[in-house]
1. Quick one: work out the % antiparallel among DSSP beta bridges in the chain, nearest 5.
2. Net charge within 13 Å of E278 by Cβ-Cβ distance, Lys/Arg positive one each and Asp/Glu negative one each, not counting E278 itself?
3. Once label points are set 7 Å from the Cα along Cα→Cβ at both A242 and W109, what is their separation, rounded to one decimal in nm?
4. Tally up the carbon and sulfur contribution to the accessible surface of the range 121-276 as a whole percent, 1.4 Å probe, everything protein left in place.
5. Rg(Cα) of the range 51-129 divided by 2.2 N^0.38 Å?
6. Could you give me the ³J(HN,Hα) list for the range 128-139, computed from phi with Karplus coefficients 6.51, -1.76, 1.60 and θ = phi - 60°, whole Hz, x at Gly and Pro?
7. Given R₀ = 45 Å, FRET efficiency for M169-K289 by Cβ-Cβ distance, to 0.05?
8. Taking only protein heavy atoms and a 1.4 Å probe, what accessible area per residue, in Å², does the chain have with all protein chains in place?
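The values are calculated or read from the model by the stated rules, or taken from the named source; none is laboratory data. All of these numbers come straight from a predicted model, not from anything done at the bench. So basically every Cβ, Gly included, is an ideal-geometry build from the backbone, and we count neighbours across all protein chains shown. Side chains are part of the model used for accessible areas, which takes the heavy atoms of the whole protein and leaves out ligands, DNA and RNA. Shrake-Rupley method; radii C 1.70, N 1.55, O 1.52, S 1.80 Å.
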Amino acid sequence: MKTLTDKIVPHLWFNRDAKEAVRFYISLFSNSAIVSESRIEGTPSGEVDIITFNLRDQRFMAINGGPAFRFTDAVSFFVYCGSDSEIERLYERLSENGSVLMPLGKYDWSGRYAWVRDKFGVSWQLDVDDINHQQKIVPSLIFVNKKAARLKEAVSFYSTVFPNSRVIMESPWDKASGMPDGALLFAQVSLSGYLFNSMSGGSLRHEFDFNEAISFMVYCKTQEEIDYYWNKLLEGGGAEQACGWLRDRFGVSWQIVPEIMDELMTTSDRGKLARVTEAMLKMVKFNIKELVDAGNVSTSN
């Protein structure tokens, strides 16, 4: 079933507690459920569980990928709560056995706001306000250190890569901040209908940056579409990685995947799954025909 925003899907890389984390998250949010679970073998991380799930009708994916990556505050999830009772409930649940980065209270930008890191290490920003959009959970990217002055460049870049995109809001740094003229403090952008928030870390030194622990899957119908996003997101200094992964010029991780991948990876036929997995692990950019041939799954594309 199509979700509200299924072109771009956040992908969370856990060590071995993805199932526990997913069950915790779906207990917190309405209109949430596990969509599918599968296990693949023979990967560099050994047996890997992959879980597709919805939170507030938004698609997410989680993987038990091993200890290769750890969550950082460079990517968080901004939750528009809509009421005092909801922000208080989420603040209590998400901070339990986790940590509080900014306590629940009044700030210049919000009547009630908090920033917490949950017990699994995932970072959440909570705002009491609602948002005039069906998407209530919005990924937030923080550009830090040498990238702090490049937020406007990033927003412009992503808006040109994804069709039907627009910048919704831009807030510049105050002149007293010491940041270059025109540098942005905050921006919100719609990429093919999917919302992202972005912030600048300013002149302060931060000890975190983007990594592969949270990436963004871009689902593509055709090989031409895969080629397009692969080439565009690599422009300006990106780096190719195995199995459809890449890092763009800012260090943000993306996975460019065919829509049929979900069908291929959730088959109950262990032989087909093993063949698809073997083919996938040999690829850098995905080739739809080769994956389909490996799984012997028909496609109209």
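1. Numbers: 51 of 69 bridges.
Close to 75 percent.
2. Here the count lands on +1.
3. Here the modelled spin labels are 3.8 nm apart.
4. Ligands and nucleic acids excluded, carbon and sulfur reach 50 percent.
5. 1.15
6. Per residue, the Karplus-derived 3J(HN,Hα) values read 5, 6, 8, 9, 7, 7, 5, 7, 9, 10, 10, x Hz.
7. Working: r = 41 Å, r/R0 = 0.92.
With R0 = 45 Å, the Cβ-Cβ based efficiency is 0.60.
8. Details: 13590 Å² over 301 residues.
Here the per-residue accessible area is 45 Å².
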